[in-house]
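Each remark here refers to the structure printed beneath this line.
The values are calculated or read from the model by the stated rules, or taken from the named source; none is laboratory data. Remember, predicted model here, so these are calculated numbers, not experimental data. Here the Cβ positions follow ideal geometry from the backbone for every residue, glycine too, while neighbour counts run over all protein chains shown. These area figures cover heavy atoms from the full protein model, side chains too; ligands, DNA and RNA do not enter into them. Shrake-Rupley method; radii C 1.70, N 1.55, O 1.52, S 1.80 Å.
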Amino acid sequence: MNRPTGPQRNCLAIVLAAGEGTRMRSSKPKVLHGIGGRTLIAHVLTAALEAGGAGIAIVVGPRREDVAAEARKVAPQAQIFEQTERLGTAHAVLSARPAIEAGADDILVMFADTPLVRPRTLSQLRTALSDGAAVAVLGFRPKDAAGYGRLVMNGNDLVAIREEKDATADERRIGFCNGGLMALSGQHALAILDKIGNANAKREYYLTDAVAIAREMGLKAVAIETAEDDVRGINTKAQLAETEAVLQGRLRTQAMEAGVTLVAPETVFLSSDTKLGKDVTIEPNVVFGPGVTVEDGATIRAFSHLEGAHVGRGARVGPFARLRPGAELGTDVHIGNFVEVKASTIEAGAKANHLAYIGDARVGEGANIGAGTITCNYDGVDKHHTDIGKGAFIGTNSSLVAPVTIGDGAYIGSGSVVTEDVPADALVVERSEQVTKAGWAARFRAAKAARKKKS
Ligand code: UD1
Ligand code: MG
C-alpha cells in the first residue's frame, strides 16, 4: 500500500489581508490586484496550499466580502475571520483564534500582499519547526533596510526582532531583516501570542515580539535566510509592476526550461497557470491571459492575445490573432491574422487564415473559413450557435446568421448572408446577377478627358 509521502505534521496557514492598501490609490482592495493573471491573495493561497497548508484561515478587514469570496475561489475550505480594528500583526493573527485553538502542528503566518513567496521557502520554515524551533522567521538582506524589522542574532540563534521605530542606532545598522512571514509551533503559538503587548512606538501588537517571548519561555527561535524576491511586498502600483516583472522572469525561465522556444522572452507575457507543451514556439509580443493551454509543437506567432483557450498539437495561431475564452483549437488548426475566436470548437485541420470572427460555433474538421467571414452570433439580446460541418467551404465575406447549420462539405459562395440551414454538399449563392458591359470603362475615361479639355 502507498504511504503518504507528504510531511506528517499538519499545517494551518493564516493569511493576513486586513490592510487598507491606501497607497495603491484604488477603489479595489490591494490584495485583489493581480500579477501573472492571478490576484495577489490567490498567489499567496496557492503557495500555502502547495506547501501543505491544508488548513487556511484568512484575516480580512471589516465587510470585505469581496476579498473573502476571492479567497474561497482558490481555497474553498478557508475559514474567514474579520479583524474589526487594525491593532497590529499579532492582533490580526489572533483574530483567527478559533482556527489556532483547533490545533495544528505548524502555523504559517503569511501576508496577502507578498505574492512571490515560493512553496519551498515555506517548507523550509516548516522544517525548522520540525527540527525543534518554536518560531522560525524569514530573513533577507535588502539593499536598503529602511522600514524593516531587524533580526538581532546571537550566532545561529535569533534573539529578537526590533521594529525600526523601536530600534537603537546600533540595531538599525543590522542588514539582516525580517521578511514578515513566520512559522510558529502550534503547540506554543497561543501561549506566545497571548503574551504580546503593545508597549512600543506604534502602540501596536507586533507579531515580531513572538521571538523574544519564545526565548523567555525557554523555546528556540531561528531565522531562515531567503532571496528578497520571496518576501517582496506590494504597497504601491510601482511595486505591483516591479513584482509583475519578477514573476514574468520566473515564468519565462520555467517555460524555456520545459522546452518552450521563446524567441524574445522579455516581450512575452505569461499567466501563472499558462501551460505550454514541448516544442511550442512563441514569437515576440504575445500575451497569455489566464487559462491557456498550448499542446506540443504548436506555434503562436507575433502579436497574438490568448485567454481561456486551448490550442491543439501542431496548430498555428497568428500573427495578430485573438483567442478568447472557450476557444478550443484541434490538432493542426490554422488561425491567421486578425481572426477572433470565442467559445468555439475548431476541429482538426480547419483553417481561418484571415480577418474573421468565429463566436459560439463549431467548425468541423478540415473546414475552410474565408476572409471576412462573420458568425452573427448576437441578436442584441441572446447569443446563438453556428454549426459548420466537416470539410465545408465558407467563401469570403459571408455572414452566417445564427442559429444556423452548414452541412458537411457544403459550399457557401462569397458574399452570402446565410439565414437558413444548408444541407450537406449543397451550394449557396446569394447575390444578384453580374452585369458586364464591354468597353464601358474606356468610354467613361475618354468622356471625362474630353470634358476636361473643353473647360
Ligand atoms: C512587518 C514586520 C516587519 C517586517 C515587514 C516586512 C511586524 C510588526 N513587522 O512590518 O518586521 O520587516 O513586515 O515587510 O509584523 N496587517 C493586518 N492587520 C493589522 C496590521 C497588519 O492584517 O492590524 C497585515 C497587513 O495588511 C500586511 C501585513 O499584516 O499584509 C503586514 O503589516 P504591515 O503594516 O505592512 O507591517 P510592516 O510595518 O510592513
Ligand atoms: Mg508592510
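Of these, Ala245, Ala258, Ala238, Ala264, which one is of a type in the set (A, V, I, L, M), open to solvent by 10 Å² or more (accessible area, probe 1.4 Å) and within 16 Å of ligand 2 (Cβ to nearest atom)?
Testing whether each residue is of a type in the set (A, V, I, L, M), open to solvent by 10 Å² or more (accessible area, probe 1.4 Å) and within 16 Å of ligand 2 (Cβ to nearest atom) leaves just Ala238.
If only residues of the stretch 218-235 that are in contact with a Leu (Cβ under 9 Å, 6 or more places away or on another chain) and within 14 Å of ligand 2 (Cβ to nearest atom) are counted, the one that is nearest to Leu158 (Cα to Cα) is Val231. Does Ala214 satisfy the condition of being open to solvent by less than 50 Å² (accessible area, probe 1.4 Å), free of Cβ contacts under 8 Å to residues at least 40 places away in the same chain and more than 14 Å from ligand 1 (Cβ to nearest atom)? So Ala214 does not fit the description; no.
Annotation for the stretch 132-148: at least one member residue is part of a strand (DSSP E or B) and either away from ligand 2 (no atom under 16 Å from the Cβ) or open to solvent by 20 Å² or more (accessible area, probe 1.4 Å) (or both). Using the structure shown, decide if Asn200 is part of a loop (DSSP other than H, G, I, E, B), free of Cβ contacts under 8 Å to residues at least 60 places away in the same chain and within 12 Å of ligand 1 (Cβ to nearest atom). It is true that Asn200 is part of a loop (DSSP other than H, G, I, E, B), free of Cβ contacts under 8 Å to residues at least 60 places away in the same chain and within 12 Å of ligand 1 (Cβ to nearest atom). Residues being in a loop (DSSP other than H, G, I, E, B) and more than 21 Å from His43 (Cβ to Cβ) are entirely absent from the stretch 249-257. Considering only the stretch 26-34, I want to know if a residue exists there that is within 17 Å of Leu193 (Cβ to Cβ), hydrophobic (A, V, I, L, M, F, W, C) and within 16 Å of ligand 2 (Cβ to nearest atom). No. When you scan the stretch 306-326, do you find a residue that is open to solvent by 40 Å² or more (accessible area, probe 1.4 Å), over 25 Å from Glu50 (Cβ atoms) and under 16 Å from the mean Cα position of the chain (by Cα), even just one? Yes, the conditions are met somewhere in the stretch 306-326. Out of all the residues in the stretch 44-56, is one or more open to solvent by 30 Å² or more (accessible area, probe 1.4 Å), in contact (Cβ under 8 Å) with a residue 60 or more places away in the chain, out of contact with any strand residue (DSSP E or B) (no Cβ under 8 Å at 6 or more places or on another chain) and not in a loop (DSSP other than H, G, I, E, B)? Yes, there is a match, as at least one residue in the stretch 44-56 is open to solvent by 30 Å² or more (accessible area, probe 1.4 Å), in contact (Cβ under 8 Å) with a residue 60 or more places away in the chain, out of contact with any strand residue (DSSP E or B) (no Cβ under 8 Å at 6 or more places or on another chain) and not in a loop (DSSP other than H, G, I, E, B). Of the residues making up the stretch 331-344, those that are under 24 Å from the mean Cα position of the chain (by Cα) and surrounded by fewer than 24 Cβ atoms within 10 Å (Cβ to Cβ) are Glu340, Lys342, Ala343. Note on the stretch 82-122: residues that are outside any helix (DSSP H, G or I) and either open to solvent by less than 30 Å² (accessible area, probe 1.4 Å) or within 16 Å of ligand 2 (Cβ to nearest atom) (or both) total 19.
Take Leu190 and decide whether it is away from ligand 1 (no atom under 13 Å from the Cβ) and buried (at least 24 other Cβ atoms within 10 Å of the Cβ).
no
When the test is whether a residue is open to solvent by less than 50 Å² (accessible area, probe 1.4 Å) and outside any strand (DSSP E or B), Ala160 does not pass it. Within the stretch 14-30, the set of residues being near ligand 1 (Cβ under 9 Å from one of its atoms) and in a strand (DSSP E or B) comprises Val15, Leu16, Ala17.
Would a scan of the stretch 59-78 turn up a residue that is in contact (Cβ under 8 Å) with a residue 40 or more places away in the chain, within 16 Å of ligand 2 (Cβ to nearest atom) and open to solvent by 50 Å² or more (accessible area, probe 1.4 Å)? No, that holds for no residue. The set of residues in the stretch 259-285 that are touching a Phe, Trp or Tyr at 6+ places or on another chain (Cβ under 7 Å) and either free of Cβ contacts under 8 Å to residues at least 60 places away in the same chain or of a type outside the set (A, V, I, L, M, F, W, C) (or both) comprises Phe269, Ser271, Thr274, Asn285. With respect to (1) open to solvent by 10 Å² or more (accessible area, probe 1.4 Å); (2) within 16 Å of ligand 2 (Cβ to nearest atom); (3) not in a helix (DSSP H, G or I), the lone exception for Met153 is condition (2).
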